Amino acid sequence: MATLEHLWADGTLIKFEADLEPGTMPNRVIYMAPEFDVWIEDVLYDEPPDDKDRAIDPYEQVESIFDDFVRGRPMVYGVHKKLLRPEMNRVWSLRTPDVRVFGWFPARGTFLAVCGDMKRHLKKPTAYREHIDRVTAFRDALPLGEPKSIPGTRPDENA
């Protein structure tokens, strides 16, 4: 079975490259499904912020939270990340004021983003089901060695 690095090297996954200062090493890693990268470019890039007075647009919000994650900055449960129900799916969302990024933690300090949506489209709890299903289907189909996700469900167990 393949590792995340193998899947990145063969083009199955895309790695987010944070804009780090010279000589600075990343503390964490974010991989992306190709469909997530397409969604960023085709949909998210043109989305306006929900609050017209917000200085940072949704695209920049995702770039910022990814950058913070890679740099190892603290991620507050319920604000920046959240485990989605049912917990046994181990699907998480990284959260910005306007965007929800859905994925999972295949290893400690590693997030794999599969899909995203605007917060305004997720008013009902049932709206999350489609995204949870997409993440679990992608994870199940990925030729990644077992375990494919870390078993913890506590916020401090993954980053």
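If R0 equals 25 Å, the separation of the Cβ atoms of residue 43 and residue 150 corresponds to a calculated FRET efficiency of about 0.30.
Exposed loop positions in the chain were taken to be trypsin sites (Lys or Arg not before Pro) whose DSSP state is not H, G, I, E or B and which have at most 11 other beta-carbon atoms within 10 angstrom. Between these positions, the longest stretch is 53-107.
Within the chain, antiparallel bridges make up roughly 75 percent of the DSSP beta bridges whose residues both belong there.
Please identify every one of the GluC sites (Glu not before Pro) in region 6-45 that sits in a loop by DSSP and has no more than 12 other beta carbons within 10 Å of its own beta carbon. Present the calculation step by step, with values, prior to reporting the outcome.
Values: sites: 17, 35, 41; in loops: 17.
Answer in residue order: 17.
In the list [x] 47, 43, 30; [y] 84, 44, 27; [z] 96, 48, 28, the label attached to Cα extents along the principal axes in Å as derived from the coordinates here is [x].
Model label sites at residue 82 and residue 129, defined 7 Å from Cα along the beta-carbon direction, differ in position by 1.9 nm.
Each reported figure results from applying straightforward, stated rules to the coordinates on display, with no laboratory input. If you're wondering where the values come from, they're calculated on a predicted model, not measured in any experiment. Cβ atoms come from the backbone with ideal geometry, glycine included; neighbour counts cover every protein chain shown.
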